[in-house]
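Asker: To start, I am sharing the structure in question, which I have written as structure tokens.
The values are calculated or read from the model by the stated rules, or taken from the named source; none is laboratory data. This is a predicted model, so every value here is computed, not measured. A quick note on method: Cβ atoms are made from the backbone with ideal geometry, for glycine too, and the neighbour counts reach across all protein chains shown. Accessible surface is based on the protein model in full, side chains and every heavy atom, while ligands, DNA and RNA are left aside. Shrake-Rupley method; radii C 1.70, N 1.55, O 1.52, S 1.80 Å.
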Amino acid sequence: MKHRSWLAGSTALATAAVATAIALAQPAAAAAGGTGTGYLHTNGNKIVDSTGATVRLTGINWFGMETDNKTFHGLWSSNPWKGQIDTMASLGYNTLRVPFSDDALKPGATATGINDFTNPDLVGLSPLQILDKVIAYAGDKGMRIILDRHRPTAAGQSPLWYTSAVSESTWLANWKSLAQRYAGNTTVIGADLHNEPHAEGTNPAATGACWGCGDTARDWRLAAERAGNAILSVQPNWLIFVEGVSCPSGGLSNTWDNDTSNDEDCGWWGGNLSKAGQYPVRLDVPNRLVYSPHEYATSVYHQAWFDDPAYPANMPAIWDKYWGYLYKQNIAPIMMGEFGSTLQANVDKIWLQELLKYTGTGVDGMSFTYWSWNPNSGDTGGIANDDWTTVNQAKQAIIQPYLIPPAGGGTGPQPSASASVSTPPVPAGACTVTYRQDNSWQGGFQGQLTVKNSGGAAVNPWQVTWTWPSGVTLGSGWNATVTQTGGTVTAAAPSYSPSLAAGASVAVGFTANGTASAPATVKLNGVTCS
């Protein structure tokens, strides 16, 4: 029987909390670091930005909003909250995964455990207002935010996405509310729908989360589709992060019957995506799905594979089986949802080294968010030491080579629509345009605008503009730096391809919110195209 036997998070100020670590796994092809431009989407097993550049998210978890405090832990320390984010960014963590419970979203919810001397600007704010400030400051540092529905209530994790106290309808409504709250803020890139669905009950009387079993009350894959599509109906630009289960059946094997022939191959809570290839999550908006497994070491639970005589050479095949195949077969990106350890045992040090090696180095490696920044995670500890200021150098030294530091602001406006060009405009009538609508859904659509330079000289740098009717707003764009001011949209040449040669074409892709509308008054460097 392989299952996770601990609960994540702390319920008191000084109590050890959760041992959860997160990772967004994605290959990256961009030459520079950072977290890209605009909203993100997927392309095969890659996460890419609005210009089409591959992004590797190398992040960290900062928990507490899922506990009784209803806000980030460590706000009681002598290190101000901005100082903690400064340290995360300077170390190279470019993404922040924020666990929360539905309790923190309730009207009248109160944040506790705040040092009013070091954090006077947070006193009296609601949990969501504090989250707003963290998002804004993290965005200023160039970081991205993933929101993680960690628990239905502060009392603890749940095998299913709903409980008797928190219904599925509440879960969906809260996600839609968050998506609307942060609409247009490109620092917030997506939703980790529910933390660590897992088995409960002994087979054949399973009562926990299954994958592909078809029971709408227990099938996590179907629930993830419902939640993902609910979110995308109001915010089609978000990535949808879907964790695995522990046992695909949703129940635990009977270890007392001495019959192992029917015992199921289970994994970490949230870490088993072995059935996702056969039963994929289907979303209404394409290129939004990221699978997000969790992976841990012996300080959390001593799995049998750690005792294999071949260890650690046996581990890549295990990772391949549970989730790595989705990435290697180019099915979808992998966001390794959580991973961490106290590193007290040598077997765990080896595990962390080998796991990160498995993700790959540089921008071409998988993405991740480590568990955790918090030192008060009982069975993993944190990157921060107990003073919430200094850093655990033993852990950081292993992780450091895989980090891609944030670069630039995540929410700031992209290059101005009025940016000047260094060459005269192409002569009138020297460009042509075609438009193709690729997809549409309730509240939005996806299209591709192709502009051809039919003049006799290259345009360098090129810039395409168009207009949309009132109510149509840009979601994301690629193959250019796409921004919107009022009713005018500007697609500026990316730095890696500034010149549009005579006779050449550029295809600018985008998603938009509102009624499907073709771009009007399309211009290349200020001259109207035919």
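Asker: Here's a check for you: in the stretch 324-348, which residue that is among the hydrophobic types (A, V, I, L, M, F, W, C) and over 19 Å from H302 (Cα atoms) is most open to solvent (accessible area, probe 1.4 Å)?
Answerer: Filtering first and then ranking leaves I331.
Asker: Another question, then. Confirm whether S470 is more than 13 Å from N513 (Cβ to Cβ), of a type in the set (S, T, Y), surrounded by fewer than 22 Cβ atoms within 10 Å (Cβ to Cβ) and at pLDDT 85 or above.
Answerer: no
Asker: Considering only the stretch 488-500, I want to know if a residue exists there that is part of a loop (DSSP other than H, G, I, E, B) and at pLDDT 85 or above.
Answerer: No, the stretch 488-500 has no match at all.
Asker: List, please: which pairs have Cβ atoms under 7 Å, are six or more places apart or on different chains, and start with a residue in the stretch 113-126 that is over 16 Å from I85 (Cα atoms) and end with one that is acidic (D, E) and open to solvent by 80 Å² or more (accessible area, probe 1.4 Å)?
Answerer: Final answer for the pair search is V123/D116.
Asker: Tell me which residues, restricted to the stretch 132-160, are part of a helix (DSSP H, G or I) and buried (at least 20 other Cβ atoms within 10 Å of the Cβ).
Answerer: Matches in the stretch 132-160: V134, I135, A138, G139.
To keep it simple, each residue is scored yes or no on (1) part of a loop (DSSP other than H, G, I, E, B); (2) farther than 19 Å from L40 by Cβ.
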site: G447; (1), (2): no, no
site: V451; (1), (2): no, yes
site: G456; (1), (2): yes, yes
site: T465; (1), (2): no, yes
site: L474; (1), (2): no, no
site: A502; (1), (2): yes, yes
site: V506; (1), (2): no, yes
site: T511; (1), (2): no, no
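Asker: Among the listed residues T163, T207, identify the single one that is assigned to a loop (DSSP other than H, G, I, E, B), among the β-branched types (V, I, T), open to solvent by 40 Å² or more (accessible area, probe 1.4 Å) and in contact (Cβ under 8 Å) with a residue 40 or more places away in the chain.
Answerer: T207
Asker: Return the residues of the stretch 92-110 that are buried (at least 19 other Cβ atoms within 10 Å of the Cβ) and not polar (S, T, N, Q); say none if nothing qualifies.
Answerer: If the condition is that a residue be buried (at least 19 other Cβ atoms within 10 Å of the Cβ) and not polar (S, T, N, Q), then G92, Y93, L96, R97, V98, P99, F100, D102, D103, A104, L105 are the ones that fit.
Asker: Would you confirm whether any residue within the stretch 500-514 is in contact with a Phe, Trp or Tyr (Cβ under 9 Å, 6 or more places away or on another chain) and among the polar types (S, T, N, Q)?
Answerer: yes
Asker: Let me ask you something else. Could you look through the stretch 487-518, keep only residues that are over 29 Å from the mean Cα position of the chain (by Cα) and not aliphatic (A, V, I, L, M), and pick out the one that is most open to solvent (accessible area, probe 1.4 Å)?
Answerer: Ranking the qualifying residues of the stretch 487-518, first place goes to S505.
Asker: May I pose another question? Please tell me if A317 is over 29 Å from D386 (Cβ atoms), open to solvent by 10 Å² or more (accessible area, probe 1.4 Å) and part of a loop (DSSP other than H, G, I, E, B).
Answerer: The answer is no for A317.
Asker: Is the stretch 349-358 home to any residue that is assigned to a loop (DSSP other than H, G, I, E, B), touching a residue at least 12 places away in the same chain (Cβ under 8 Å) and open to solvent by 30 Å² or more (accessible area, probe 1.4 Å)?
Answerer: no
Asker: Please go through the stretch 412-462 and give me each residue that is small (G, A, S), within 20 Å of S50 (Cα to Cα) and either surrounded by fewer than 17 Cβ atoms within 10 Å (Cβ to Cβ) or modelled with pLDDT under 80 (or both), ordered by number.
Answerer: G412, S416, A417, S418, A419, S440, G443
Asker: Which members of the stretch 167-190 meet the condition of being among the hydrophobic types (A, V, I, L, M, F, W, C) and either touching a Ser or Thr at 6+ places or on another chain (Cβ under 6 Å) or open to solvent by 50 Å² or more (accessible area, probe 1.4 Å) (or both)?
Answerer: Correct list: A173, A183.
Asker: Give just the number: which of (1) over 24 Å from K106 (Cβ atoms); (2) at pLDDT 95 or above; (3) open to solvent by less than 40 Å² (accessible area, probe 1.4 Å); (4) in a loop (DSSP other than H, G, I, E, B) does G267 not satisfy?
Answerer: (2)
Asker: Does the stretch 116-125 include one or more residues that are assigned to a helix (DSSP H, G or I) and either open to solvent by less than 60 Å² (accessible area, probe 1.4 Å) or in contact with a Phe, Trp or Tyr (Cβ under 8 Å, 6 or more places away or on another chain) (or both)?
Answerer: Yes, the conditions are met somewhere in the stretch 116-125.
Asker: Another question, then. Give just the number: which of (1) open to solvent by 60 Å² or more (accessible area, probe 1.4 Å); (2) in contact (Cβ under 8 Å) with a residue 12 or more places away in the chain; (3) more than 30 Å from S246 (Cα to Cα) does Q129 not satisfy?
Answerer: Result: Q129 fails condition (2) only.
Asker: Of all residues in the stretch 320-348, count the ones that are over 23 Å from the mean Cα position of the chain (by Cα) and outside any loop (DSSP other than H, G, I, E, B).
Answerer: Looking only at that region, the number is 3.
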